[in-house]
Amino acid sequence: MKILVLNGSPKRENSDTLHITRAFLEGMREQQPQEITTIHVIDRHIEYCTGCFTCMRNGGTCVHDDDMREILKQILDSELLIWSFPLYSYGMPAHLKALLDRTLPLSSMTMRKVGDRYEHAGQADFSRLRYLMICGCGFPNSRHNFEPAVAQFRLCFGAEGTVLTVPESPMFNAPEAAVVTAPRLELVKKAGRQYAKAREIDPVLLAEIGAPMIPEETYAAIVNGGV
Ligand SMILES: Cc1cc2nc3c(=O)[nH]c(=O)nc-3n(C[C@H](O)[C@H](O)[C@H](O)COP(=O)(O)O)c2cc1C
């Protein structure tokens with residue numbers, strides 16, 4: 001499978017979230033060989049969308065001539081698009097949102113009703129593309145935290161898109177936390193194996209992956225310097 005990873009962490013390879021993504025890919029690779037390309041989005045030249053809609057009327061060409069032209073080709077050439085990013089202000093980091101907005105050339109102006117909502121018809125054929133979101137965050141709680149990012153992902157990429165969220169993610173970069181992060185990454189690897197095999201992950205496993213690694217109060221006390 002051809003996999004494109006959009007790493008939205010400005011920390012590039014040092015991203016807390018990328019520990020989760022690497023474990024997931026390792027699990028997938030255990031099941032079958034994968035061709036993986038990673039883009040550190042922060043390093044790419046991606047202008048903001050001007051909102052002119054030229055791309056939707058002009059056969060898909062954006063007025064900006066920047067790295068998005070190549071990235072759009074890479075997206076269309078992939079079978080799995082992984083959005084790997086840290087939660088910023090309950091959403092995705094701004095540079096990754098800029099990339100998301102700039103995928104507009106893949107859609108046409110035509111609106112169609114799907115269930116009780118509208119979406120744009122595709123201007124390119126991305127029917128073989130699947131979507132996965134992997135998101136880490138700094139707080140110990142998942143509720144009242146990940147919801148806006150998950151809702152945006154599902155509205156953009158369909159309810160069947162797979163979502164992995166992990167709270168307390170700075171612990172992935174703390175060697176002293178390995179006693180809890182290593183078993184969590186094993187669960188993520190297992191999810192990767194399941195996904196490679198069946199294109200879905202057991203909801204019970206997803207819930208285990210999304211639970212705090214240490215009790216919320218203990219984590220908050222450590223962060224606050226009390227432990
Ligand atoms: C600007 C900014 C906004 C953030 N907003 C949130 C937030 O809304 N909720 C949360 O739990 N963590 C938030 N965090 C914490 C990061 O999600 C957390 O540090 C994460 O582990 C960083 O992952 P990375 O190393 O992959 O970039 C924020 C961090 C920054 C720098």
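Might you let me know whether region 10-28 holds any residue that is away from the ligand (no atom under 16 Å from the Cβ) and either in contact with a strand residue (DSSP E or B) (Cβ under 6 Å, 6 or more places away or on another chain) or without any contact (Cβ under 8 Å) to a residue 24 or more places away in the chain (or both)? Spell out how you get there, then give the answer.
So in region 10-28, the residues away from the ligand (no atom under 16 Å from the Cβ) come out as 26-28.
If we keep only those that are either in contact with a strand residue (DSSP E or B) (Cβ under 6 Å, 6 or more places away or on another chain) or without any contact (Cβ under 8 Å) to a residue 24 or more places away in the chain (or both) too, we end up with none.
Within region 10-28, none of the residues are away from the ligand (no atom under 16 Å from the Cβ) and either in contact with a strand residue (DSSP E or B) (Cβ under 6 Å, 6 or more places away or on another chain) or without any contact (Cβ under 8 Å) to a residue 24 or more places away in the chain (or both).
Specify the residue that is farthest from Val223 (Cα to Cα); the eligible residues are those in region 94-136 that are among the hydrophobic types (A, V, I, L, M, F, W, C) and touching a Ser or Thr at 6+ places or on another chain (Cβ under 6 Å).
Ala121
Condition check: buried (at least 18 other Cβ atoms within 10 Å of the Cβ) and of a type in the set (Phe, Trp, Tyr). Does Tyr90 satisfy that? First the steps, then the outcome.
Details: buried (at least 18 other Cβ atoms within 10 Å of the Cβ): no; of a type in the set (Phe, Trp, Tyr): yes.
No; evaluated as a whole, the condition is false for this residue.
Could you say which residue among Val163, Val150 is within 16 Å of the ligand (Cβ to nearest atom), part of a strand (DSSP E or B) and either over 22 Å from Ile201 (Cβ atoms) or under 14 Å from the mean Cα position of the chain (by Cα) (or both)? Before you say what the answer is, go through the steps one by one.
Values: Val150 fails: part of a strand (DSSP E or B).
None of the others qualify; the one that does is Val163.
Of these, Phe157, Phe153, which one is closer than 30 Å to Ser107 by Cα, modelled with pLDDT of 95 or more and out of contact with any helix residue (DSSP H, G or I) (no Cβ under 9 Å at 6 or more places or on another chain)?
Phe153
With the requirement that a residue be within 16 Å of the ligand (Cβ to nearest atom), of a type in the set (A, V, I, L, M, F, W, C) and either free of Cβ contacts under 8 Å to residues at least 40 places away in the same chain or in contact with a Leu (Cβ under 8 Å, 6 or more places away or on another chain) (or both), what does region 91-115 give you?
Going through region 91-115, the residues within 16 Å of the ligand (Cβ to nearest atom) turn out to be 91-99.
Now drop any that are not of a type in the set (A, V, I, L, M, F, W, C), which leaves 92, 94, 96, 98-99.
If the condition is that a residue be within 16 Å of the ligand (Cβ to nearest atom), of a type in the set (A, V, I, L, M, F, W, C) and either free of Cβ contacts under 8 Å to residues at least 40 places away in the same chain or in contact with a Leu (Cβ under 8 Å, 6 or more places away or on another chain) (or both), then Met92, Ala94, Leu96, Leu99 are the ones that fit.
Identify, by number, the condition in (1) within 16 Å of the ligand (Cβ to nearest atom); (2) assigned to a loop (DSSP other than H, G, I, E, B) that Cys62 doesn't meet.
Condition (1) is where Cys62 drops out.
The values are calculated or read from the model by the stated rules, or taken from the named source; none is laboratory data. Quantities reported herein were computed from a predicted structural model and do not represent experimental measurements. Here the Cβ is made from the backbone with ideal geometry for all residues, glycine too, and neighbour counts use every protein chain on show.
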